[in-house]
Amino acid sequence: MTQSFSAPTSPGESTPAPSRARLGAEIVIVLGLSLGQSGVYAVMNLIRRYLSTKPLADQTASLNVSQAASATLDLIYQFLALGFGLMPVALALFLLAPRWRESLRVLGLTGSRPGRDLLVGTGLAALIGIPGLALYVGGRLLGLSAEVVASALNTHWWTVPILILAALKNAVLEEVIVVGYLITRLEQLRWGPVAIIATSSLLRGSYHLYQGPAMAVGNVVMGIVFSLWFLKKRRVGPLIAAHTILDVVAFVGYALIPTEWLNF
């Protein structure tokens with residue numbers, strides 16, 4: 001069921017499962033190339049913020065920034081970021097099982113119930129999004145969160161479509177790696193449910209620390225909910241849908257609402 005790096009087997013011969021040591025090394029490599037690396041840099045970013053003479057509440061964390069003054073070059077850069085940003089997902093799926101379809105099946109990404117997945121995802125988005133917004137506002141008022149600029153892109157005809165694609169990319173990357181891949185591998189290492197949920201949730205919180213402690217805590221809670229869902233249902237699709245909806249509302253909403261509404 002899992003990817004082996006031994007010599008190819010003949011048809012009908014089972015693929016040997018990797019050792020626990022190899023599984024552990026694989027997890028470290030995948031996370032080190034993706035969201036684990038982001039978590040380390042986010043911790044350093046938060047330390048730098050607290051060492052600054054400016055209070056955390058007066059600082060900003062900008063997402064989806066422009067990469068060039070030229071609209072055409074900027075669009076090319078945005079597409080490159082989207083494509084290369086999904087490479088860790090391809091790596092995780094490649095390692096998870098000998099065949100792509102089997103990897104997708106392990107994560108419940110079969111496409112058999114798209115309508116239901118979207119409906120459940122919408123419910124999860126509401127469950128997470130409304131308290132998350134309240135937590136952000138509270139964090140800002142208490143000085144525990146930087147101002148999050150959800151869209152720092154220059155305004156072009158392609159700004160909104162790129163923001164939607166960025167939301168989808170973030171959702172696929174995070175839910176496949178932090179939930180589907182990581183939980184599946186930790187189960188293969190015979191970790192208990194509590195340790196698995198804690199690891200997945202704390203990882204999710206770690207790479208949001210650049211926004212401040214309040215947002216990191218909110219993402220840990222989101223991680224607990226999403227991990228419990230996957231452990232029970234074995235389907236990543238609704239989680240990708242929920243995450244995409246949350247980010248689309250944040251990214252596109254920030255780009256479209258009047259600036260004066262954002263100052264509080």
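Computed from the coordinates by the stated procedures, all read-outs in this text should not be read as laboratory data. Computed from a predicted structure; not experimentally measured. Using ideal geometry, Cβ is built from the backbone for each residue, glycine included, and neighbour counts are taken over all protein chains shown.
Summary table below
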| item | result |
| --- | --- |
| Backbone N under 19 Å from the Leu142 label point (7 Å along Cα→Cβ), restricted to the range 38-64 | 46-47, 50, 55-59 |
| Estimated dipole of the range 20-262 in Debye, rounded to 20 [Cβ of Lys and Arg +1, of Asp and Glu -1, Cα centre] | 920 |
| Alpha-carbon centroid distance for the pair the range 194-260 / the range 39-117, whole angstrom | 12 |
| GNM top mover of Asp58, Asp247, Asp74 - the chain, alpha-carbon springs below 10 Å | Asp58 |
| Theoretical ellipticity at 222 nm over the chain - DSSP helices of four or more residues, -39500 (n - 2.57) apiece, nearest 500 | -21000 deg cm²/dmol |
| The chain, relative contact order [Cα under 8 Å, separation at least 6], % | 29 |
| Gained length - Leu73 relative to Ala152, 0.36 nm times residue gap less alpha-carbon distance | 26.8 nm |
| Gaussian network model of the chain, Cα within-10 Å springs - most flexible of Gly180, Gly192, Gly123 | Gly192 |
| Mean projection area, nm², convex hull over Cα of the chain | 16.1 |
| Between helix 159-174 and the chain: long-axis angle, C-alpha atoms, 0 to 90°, nearest 10 | 40 |
| Distance (nanometres) between label positions extended 7 Å along Cα→Cβ at Glu102 and Lys233 | 2.6 |
| Fluctuation leader among Gly39, Gly83, Gly237 - the chain, Gaussian network, Cα springs under 10 angstrom | Gly83 |
| Helix 20-32 vs. the chain, principal-axis angle (Cα, 0 to 90°, nearest 10) | 30 |
| For Lys169, Lys54, Lys233, order by how many other beta-carbon atoms lie within 10 Å, fewest first | Lys54, Lys233, Lys169 |
| Qualifying chymotrypsin sites (Phe, Trp or Tyr not before Pro) in the range 143-184, DSSP loop, other Cβ atoms within 10 Å at most 13 | Trp157 |
